[in-house]
């Protein structure tokens, strides 16, 4: 038997490079992911200094600063604002702690997506992978870039308003409250103002960077399921012939280095039983990826859902009160509500796309013409069909599913809560 060959073209995406590389690089820029952790050299310790700065000064001191703002509020509108900020930050700190204490699992998860490329396949599978994974990586990059703009835009507008209310007095800035005021090395107003703005924006980028990373994982799990379904639909084939029609345009896709079966006279003989076993192995790998994802974030996302429900309720209440007393407060609250709802929507949407794609697996297996294959193939299909019959569902804390239905229920309950509170106030 001729051994498989590595398909490696010019400008090819390396076999050992993770699909999550862009998102991990962003987390590196923000100071919460050390890419040199496995090297333990000079670069590792230099980055640890930056990590201490990002976590202890930017994250920890800012959390304390927001908590102290809660104590110094003067009216209900300020209280609701400070409470919303504090809730968001607490939820994101919990998510970061889950990320930090599962760094080993994060490394394994980042590398696990490359496993499918080591499975021998045909040139047709390689072309389909290039299209699917390129689309997934572009989607996760676009989502990350859009969500990175959100805190920059929010804090720019917020500090534009803070600047006019500060009256060139540091004590009127958010940084003028302990413990952040102890980070000031100069009493110059402009230095304090820009340091306040940059540190808060940095914290916002850390927050959304974690959300983008979680979303990238779920998008790539969907891509793995698409690859599984495609392989299952073709696992009955006994021969693959190279298509030289020239109709396939790959100019806009990334070429991923992978293991390909070598061609003999523009064709290759395939063993359906071996191809089916590879599909079963790939499904087991996807289950492992999903379980690893749950190990990292299962407990962290449960309080995230609860806090999101509470914050959405509080902000909707702020909108209702602001509409009756001060329309300006209502506009500000709407501006803060949108990113909170977007954050919650991304989690539910990510879980929903996995659920929908995994639900297609039974149809893909049935489309493999198993009834025309030998007895061994049919017996394996029967066993495999029982395994993939139920779609993959991400359960948060074993209580709530990440799905479109959960998103609808939370928004409905938040609105109901606001209606009850508003009626009580009247």
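Annotations
- Between residue 37 and residue 103, the contour length at 0.36 nm per residue exceeds the Cα-Cα span by 22.8 nm.
- In the chain, the longest principal axis of the Cα atoms and the axis of helix 272-325 are about 20 degrees apart.
- Multiplying the residue separation of residue 287 and residue 15 by 0.36 nm and removing their Cα-Cα distance gives an extension gain of 95.8 nm.
- Within the stretch 20-38: backbone nitrogen closer than 16 Å to the residue 45 label point (7 Å, Cα to C-beta): 36-38
- A straight chain from residue 254 to residue 369 at 0.36 nm per residue would run longer than the Cα-Cα distance by 38.3 nm.
- Gyration tensor verdict on the stretch 19-77 (Cα atoms; rounded if a/c is under 1.5, prolate if a/b is larger than b/c, oblate otherwise): oblate
- In this simple spin-label approximation, residue 409 and residue 90 carry label points 7 Å from Cα along the Cα→Cβ vector, and these lie 2.3 nm apart.
- Prolate/oblate/rounded call for the stretch 101-157, Cα gyration tensor, a/c under 1.5 rounded: oblate
- The stretch 167-217 and the stretch 285-307 have their alpha-carbon centroids 30 Å apart.
- In degrees, nearest ten, helix 76-101 long axis to first principal axis of the chain (Cα): 40
- Computed over the chain, the per-residue total of -39500 (n - 2.57) for DSSP H runs of n ≥ 4 gives a 222 nm mean residue ellipticity of -24000 deg cm²/dmol, rounded to 500.
- Modelled FRET efficiency - R0 60 Å, residue 118 with residue 186, Cβ distances, 0.05 increments: 0.65
- Calculated FRET efficiency for the pair residue 127/residue 152, C-beta based, R₀ 45 Å, to 0.05: 0.75
- Anisotropy class of the stretch 11-133 from Cα gyration tensor, a/c 1.5 cut: prolate
- Seen against the Cα atoms of the chain and their longest principal axis, helix 327-359 is set at about 20 degrees.
- Fraction of beta bridges assigned by DSSP in the chain that are antiparallel (%, nearest 5): 75
Each reported figure results from applying straightforward, stated rules to the coordinates on display, with no laboratory input. Keep in mind the model is a prediction, meaning the values are calculated, not measured. Using ideal geometry, Cβ is built from the backbone for each residue, glycine included, and neighbour counts are taken over all protein chains shown.
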